[in-house]
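Trainee: Attaching a single structure in structure tokens format; questions to follow.
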Amino acid sequence: MSGFKLIKNCDVLTPLRVIRNGSILIQDESIQRVGQFGDSGIPPGTRVFNFRNKLAVPGFIDIHLHGAEGIEFTDSSPESIVTALKTHLRNGTTSLLPSLMTASHEQVLNTIKIFLDIEKDIPDIPEIIGINLEGPYISKEKRGVQRTQFIRRPSLTEMKEYIRVSKGSIKIVTVAPEIEGISDFIRFLTEQDIIPSAGHTNADFEQTQKAIESGVMLATHLFNAMRGIAHREPGAAGALLLNDEVYAEVVADGIHLHPSILSLIAKAKPLEKIILVTDATKFYGIRKGASYSKEGKLFGSNTELGLALKHMTQFTGIPFERIVRTVTINPAKLLKIENKKGLLKRGNDADIVILDKELNIKDIFVKGKRFSPSGNIFSSA
Ligand SMILES: [Zn+2]
């Protein structure tokens, strides 16, 4: 059988442009052609998928998630992590950065090693495009549900070991800007091509601005677990929201942020810099809505990116055609992988999500392989 597949008759959101009644030709793992070409010139033996009245968008990229299906990544086995990852794929996430919570030195090392052990060629899972460390160099006051006993001062020695053991796969590290000596640490991360993200922080406006000047490029779930905006002290949230260069992770489950705050973010932040994340907990795929700790503290969300996109459209009034970039090209640009992911163009990986007009996921292609999002059964084709 030829390795060609043709997706046709759908509106293609690349998402930099909209192609009405467009087609995508896939060859093996990558995109060959995108445009309005129908059947013309397609190679013999091509499998044709007629997606009339549907939308084709790039596969979603989730840069912040901790688990699913009762499984929390830290300290889990490769097999159980794979189970969790499958659930994310079923919801349209075709590539992701697993995030590790604040843990002991050994636990972090161990989990990094487990992720490296997950075989690249396991079918039916999203591509793991790196690792996100949410701590341990954060604020105790704004730790959320992260464990106090493992929060520590930034250590270059420790960080260098993580980088070495991860074989360079650490892409994002969350730090609190108020920690003494953080500027040098942020500069070190930048030199290593790791994205310093400000979060779990009680930093004030000035401290956060200083961290941005040192190299902070991202806000870890903007507004959540950070000092908020007050009219005489705009706080960490104010500094991160106001700077047009800084990307902002946003948990758009309708619980972590009031709908009006989503609207405020969309008004203040260039759309190119907003990245929706799930911050998925082990309850993702089991329960709907947010998760709460035993003490009643709100933590990560169980809302899939498709629903988060719907919320953003609903609460901000920005059309879906534009909002979809917040889970595709935006995270791809942050990670500098837009020539591989997040954009439907020739040569990129054939990671594609097909949605109906109500924005329900109907089909998923990961590197050209097709999966059914329905139920737990994955029909590879
Ligand atoms: Zn998180």
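The values are calculated or read from the model by the stated rules, or taken from the named source; none is laboratory data. Computed from a prediction, not measured in an experiment: that's the story for all the values here. Cβ placement follows ideal geometry from the backbone for every residue including glycine, while neighbour counts extend to all protein chains displayed.
Trainee: Pairs, please: C-beta under 8 Å, at least 6 apart or cross-chain, first residue free of Cβ contacts under 8 Å to residues at least 40 places away in the same chain and in segment 347-375, second surrounded by fewer than 15 Cβ atoms within 10 Å (Cβ to Cβ) and in a loop (DSSP other than H, G, I, E, B)?
Mentor: Within 8 Å, the pairs are SER372/SER379.
Trainee: Continuing with this model, one more query. Mind listing just one residue for me: the one in segment 103-141 that is part of a loop (DSSP other than H, G, I, E, B) and modelled with pLDDT of 90 or more and, of those, farthest from HIS64 (Cα to Cα)? Step through it out loud before you land on a result.
Mentor: Initially, segment 103-141 is screened for residues part of a loop (DSSP other than H, G, I, E, B), giving 103-104, 118-126, 129-130, 135-141.
Narrowing further to those that are modelled with pLDDT of 90 or more: 104, 125-126, 129-130, 136-138.
Working: SER104: 20, ILE125: 16, PRO126: 14, ILE129: 12, GLY130: 11, PRO136: 15, TYR137: 17, ILE138: 16 Å.
The qualifying residue farthest from HIS64 (Cα to Cα) is SER104.
Trainee: Here are some conditions: (1) within 30 Å of PRO373 (Cα to Cα); (2) more than 16 Å from the ligand (Cβ to nearest atom); (3) over 21 Å from the mean Cα position of the chain (by Cα). ILE286 meets all but one. Which one does it not meet?
Mentor: (3)
Trainee: When segment 295-317 is examined, which residues are found to be within 13 Å of the ligand (Cβ to nearest atom) and without any contact (Cβ under 8 Å) to a residue 24 or more places away in the chain?
Mentor: none
Trainee: Could you please give the count of residues in segment 198-215 that are of a type in the set (Ser, Thr, Tyr) and over 13 Å from GLU178 (Cα atoms)? Spell out the reasoning first.
Mentor: Initial filter on segment 198-215 (of a type in the set (Ser, Thr, Tyr)): 201, 208, 214.
Pick out the ones that are also over 13 Å from GLU178 (Cα atoms) and you get none.
Result for segment 198-215: 0.
Trainee: If you don't mind, there's one more thing I want to ask. Give the residues of segment 99-124 that are away from the ligand (no atom under 16 Å from the Cβ) and either crowded, with 21+ Cβ neighbours inside 10 Å or without any contact (Cβ under 8 Å) to a residue 12 or more places away in the chain (or both), sorted by residue number.
Mentor: Those that are away from the ligand (no atom under 16 Å from the Cβ) and either crowded, with 21+ Cβ neighbours inside 10 Å or without any contact (Cβ under 8 Å) to a residue 12 or more places away in the chain (or both): GLU106, ILE112, GLU119, LYS120, ASP121.
Trainee: Among the residues of segment 145-158, is any surrounded by 19 or more Cβ atoms within 10 Å (Cβ to Cβ), assigned to a loop (DSSP other than H, G, I, E, B), within 14 Å of the ligand (Cβ to nearest atom) and touching a residue at least 12 places away in the same chain (Cβ under 8 Å)?
Mentor: Within segment 145-158, one or more residues are surrounded by 19 or more Cβ atoms within 10 Å (Cβ to Cβ), assigned to a loop (DSSP other than H, G, I, E, B), within 14 Å of the ligand (Cβ to nearest atom) and touching a residue at least 12 places away in the same chain (Cβ under 8 Å).
Trainee: Also, I was wondering about something else. Regarding segment 227-242, can at least one residue be identified that is farther than 24 Å from ARG143 by Cβ and either among the basic types (Lys, Arg) or within 16 Å of the chain's Cα centre (by Cα) (or both)? Spell out how you get there, then give the answer.
Mentor: Restricting attention to segment 227-242, the residues satisfying the condition of being farther than 24 Å from ARG143 by Cβ are 231-232, 242.
Keeping just the survivors that are either among the basic types (Lys, Arg) or within 16 Å of the chain's Cα centre (by Cα) (or both) gives 232.
Yes; the residues of segment 227-242 include at least one that is farther than 24 Å from ARG143 by Cβ and either among the basic types (Lys, Arg) or within 16 Å of the chain's Cα centre (by Cα) (or both).
Conditions tested, residue by residue: (1) at pLDDT 95 or above; (2) in contact with a Leu (Cβ under 8 Å, 6 or more places away or on another chain).
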{"site": "VAL327", "(1), (2)": "yes, yes"}
{"site": "LYS333", "(1), (2)": "yes, no"}
{"site": "GLU338", "(1), (2)": "yes, no"}
{"site": "GLY342", "(1), (2)": "yes, no"}
{"site": "ALA350", "(1), (2)": "yes, no"}
{"site": "LEU359", "(1), (2)": "no, yes"}
{"site": "GLY375", "(1), (2)": "no, no"}
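Trainee: Hey, does segment 74-90 have a residue that's surrounded by 20 or more Cβ atoms within 10 Å (Cβ to Cβ), modelled with pLDDT of 95 or more and either more than 26 Å from the chain's Cα centre (by Cα) or charged (D, E, K, R) (or both)?
Mentor: No, that holds for no residue.
Trainee: How many residues does segment 129-141 hold that are in contact (Cβ under 8 Å) with a residue 40 or more places away in the chain and surrounded by fewer than 18 Cβ atoms within 10 Å (Cβ to Cβ)?
Mentor: Kept after step one, since they are in contact (Cβ under 8 Å) with a residue 40 or more places away in the chain, are these residues of segment 129-141: 129-135, 137-139, 141.
Subsequent filtering for residues that are surrounded by fewer than 18 Cβ atoms within 10 Å (Cβ to Cβ) retains 141.
Of the residues in segment 129-141, 1 are in contact (Cβ under 8 Å) with a residue 40 or more places away in the chain and surrounded by fewer than 18 Cβ atoms within 10 Å (Cβ to Cβ).
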